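Remarks on the structure that follows.
The values are calculated or read from the model by the stated rules, or taken from the named source; none is laboratory data. This one's a predicted model, so the numbers in the text were calculated from it and none came from an experiment. Here the Cβ is made from the backbone with ideal geometry for all residues, glycine too, and neighbour counts use every protein chain on show.
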Amino acid sequence: MIGLDTNVLVRLLVRDDEAQHHRAIALLGRDPDETFFVGEVVLAEVVWVLASRYRCDRDEIASVVRQLTQVQELHFESTDRVVRALRSFESGEGGFADYLIAARARDAGCSSVATLDRALHADSGFVPV
């Protein structure tokens, strides 16, 4: 298994640099038995880059994350956690990273996540500070 950095996934997704895009494609295609690890920090960064740099909206981002979780060669820390965060992101007002943080906290046994982010105050799983 090979871990992927944010920039590799971004080049695959946005194809804004043809040379780097082809290098990323070559990496993923060089060995059909190879799998690639996508850490939650990497996924959160990918979402942030797509939103801030490429101005993708929530629906586009949700679609990309969903598609990534279905790529057989990609291995996530917890696909279940990513999917739960994605569902919350689709129905909530907060950012994807916020919901990933909440899903991870729940898995660690936390009852809620304390936040100052007003967009999250109405969401279950978060408590206002």
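Only one entry of Ile61, Ile101 meets the criterion of being crowded, with 18+ Cβ neighbours inside 10 Å and closer than 17 Å to Leu13 by Cα, and that entry is Ile61.
If you go through the stretch 44-82 and keep only what is in contact with a strand residue (DSSP E or B) (Cβ under 9 Å, 6 or more places away or on another chain) and either closer than 14 Å to Ala97 by Cα or of a type in the set (Phe, Trp, Tyr) (or both), you end up with Val46, Phe76, Val82. For Tyr54, state whether it is hydroxyl-bearing (Ser, Thr, Tyr), surrounded by fewer than 21 Cβ atoms within 10 Å (Cβ to Cβ) and without any contact (Cβ under 8 Å) to a residue 60 or more places away in the chain. The answer is yes for Tyr54.
Cβ separations smaller than 9 Å between residues 6+ apart or across chains give the following pairs from the stretch 58-74 residues that are closer than 21 Å to Gly3 by Cα to residues that are polar (S, T, N, Q): Thr69/Thr79; Gln72/Thr35; Glu73/Thr35; Leu74/Thr35.
Yes/no matrix, rows are residues, columns are (1) within 12 Å of the chain's Cα centre (by Cα); (2) in the same structural domain as Leu9 (by TED's automatic domain parsing):
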position	(1), (2)
Ala51	yes, yes
Val71	no, yes
Glu93	no, no
Phe96	yes, no
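Scanning the stretch 110-129 for residues that are among the charged types (D, E, K, R) and part of a loop (DSSP other than H, G, I, E, B) yields Asp117, Asp123.
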